[in-house]
Amino acid sequence: MSVHLPDLAAAILAGGRASRYGGAPKGMLVLPGGRTIVERTIAETRAAGLEQVALIANDPGPYVDLGVPIIPDQRPGSGPLGGIEAALAHFAARRGVLVLPCDLPGIGRAEIAALLSGFGAAGRSGAPVVAQGPDGFWHPLCAVVPSALLPAVRRAIDEGRLGVYRLWRALEAVPVRFERDTPFFNVNEPEDLERWLLAEALPSGRRAHSQPA
């Protein structure tokens, strides 16, 4: 499944410190089959129709062999919103940027294509499009963001408003609802990859969570 939107690009956010992994990059965890999480995400993003993919990371070392541009944050220490700022600045000539975190072992071309289609359906509204789980939970780092929102993102960082979820709410983001949550399961702790594999095997494919601030 792919969507033909040549004026969009993709950025994978890999700027976190991964402190619960002892500093090892979560995106380089190896999945069953031998690929890392980041390698799989890049492949699925391209399969969904986006050829231009960049990795947003302040330490390029682990990712130099992936064959994609590695872009540092413009303002390190600004959290995921700083990564989004760097992505929008890098792809400023594009209409919008799909952003995804680096630690989603299950995100696939179907979910990515649905987000791209949602962005296309939103037309020129100027609002971000964000993934929403079956229970209404937003996944704010799984979004398509208009490049024109770069000033709003920069202003939020200037003012110390670093919460991505709250910024998307303020910008009247358009949710794209999904029937399963497991594609958006993120790996935060060493046990999470095993939890995800178990969740993938369950009929419901859902998990417990709390809405971010």
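Data table
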quantity: Matching residues in region 138-162 - criterion: being within 15 Å of the chain's Cα centre (by Cα) and either crowded, with 21+ Cβ neighbours inside 10 Å or at pLDDT below 95 (or both); calculated: HIS139, PRO140, LEU141, CYS142, ALA143, VAL144, VAL145, PRO146
quantity: Residue satisfying all of: in region 76-92; modelled with pLDDT of 95 or more and over 20 Å from ASN188 (Cβ atoms); surrounded by the fewest Cβ atoms within 10 Å (Cβ to Cβ) among these; calculated: ALA92
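The values are calculated or read from the model by the stated rules, or taken from the named source; none is laboratory data. Quick caveat: nothing in here was measured; it's all calculated off a predicted structure. A quick note on method: Cβ atoms are made from the backbone with ideal geometry, for glycine too, and the neighbour counts reach across all protein chains shown.
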